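Here, each number is a calculation from the coordinates, and none is a lab measurement. In this text, all values refer to a predicted model and were calculated from it rather than measured experimentally. Cβ atoms come from the backbone with ideal geometry, glycine included; neighbour counts cover every protein chain shown.
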Amino acid sequence: MTRLAKTLKDGLFLGAFLVLASLIVAKIDLNGDTRINGPFYAIDGDTLAAGAERLRLIGIDAPEADQSCGEGQNVWTCGDAARDALAKFASVPDVYCAGSSRDRYGRVLVRCRLGETDINAELVRQGVAVASGDYHAEETAARGQAEGIWSGPFETPRAWRTAKGAAAEDDGSTGTGSRVEAILDRLKGMLPWT
């Protein structure tokens, strides 16, 4: 192969690579979350259904569906109360959620809003969820006012799941590699065979 032909071949390869790289960069929007409009169905206190898609509210951890809180005469089904609180927000047509990464179960990790209300924060503020990586100010306020689960003794959802042999890490936290995982999820989504 002549030197000119090799140079042309290398130049063509480099040009094709640069075009492909620029298309990938243009496709990746690191700040652009996918927006999913409601209304939604509340599966439990921190998980929504949008058709076949499952959405996990990030930064919070709500009591599980069959979890009870309190003691003695003051036992109440805090898992049901958490689901009902989320359902009130989720059933409104103007509600929406946004997120870009997924948890290990394939659920989209989202922050949900209804107008100016951050639903994730409001659930913690009402005492039907604990903060898990975010919303510590709301948890402190709920605890100080003895709201919801903070009105008496309860087992954190994580501890309750561990005691029942379920996945303890299903707590809505972002984890340390979430940004990298979000980028990889977006790249995987661009491939035609995924």
Just subtract the alpha-carbon distance of Ser68 and Ala52 from 0.36 nm times their residue separation and send over the number in nm, one decimal.
2.9 nm
Report, by chain and number, residues whose modeled amide H sits under 5 Å from the one on Arg102, excluding near sequence neighbours (fewer than 5 apart, same chain).
Leu109
Hey, can you grab everything whose amide H is under 5 Å from the amide H of Ile60? Only 5+ residues off in sequence or another chain; H modelled, so Pro and N-termini drop out.
Ser132
A chain fully extended from Asn37 to Lys164 at 0.36 nm per residue, minus the present Cα-Cα distance, gains in nm 42.3 nm
Distant-in-sequence amide H partners of Gly45 (H built 1.01 Å from N, under 5 Å)
Arg83
Once phi is turned into ³J(HN,Hα) by the Karplus curve 6.51 cos²θ - 1.76 cosθ + 1.60 with θ = phi - 60°, what whole-Hz value does each residue of segment 96-111 show in order, with x for glycine and proline?
8, 10, 9, x, 10, 10, 10, 8, 5, 8, x, 7, 6, 7, 10, 10
Given Cβ charges of +1 for Lys and Arg and -1 for Asp and Glu, the option among Ile58, Ile119, Pro93 whose Cα lies farthest towards the positive end of the dipole of segment 33-167 is Ile58
For a protection proxy built on the mean count of beta-carbon atoms within 10 angstrom, sort 122-132, 144-154 highest first, please.
122-132, 144-154
What is the distance, in nm, between label points placed 7 Å from the Cα along the Cα-to-Cβ direction at Ala5 and at Arg102?
4.7 nm
Please report the net charge: other residues with Cβ closer than 12 Å to the Cβ of Glu138, K and R +1, D and E -1.
-3
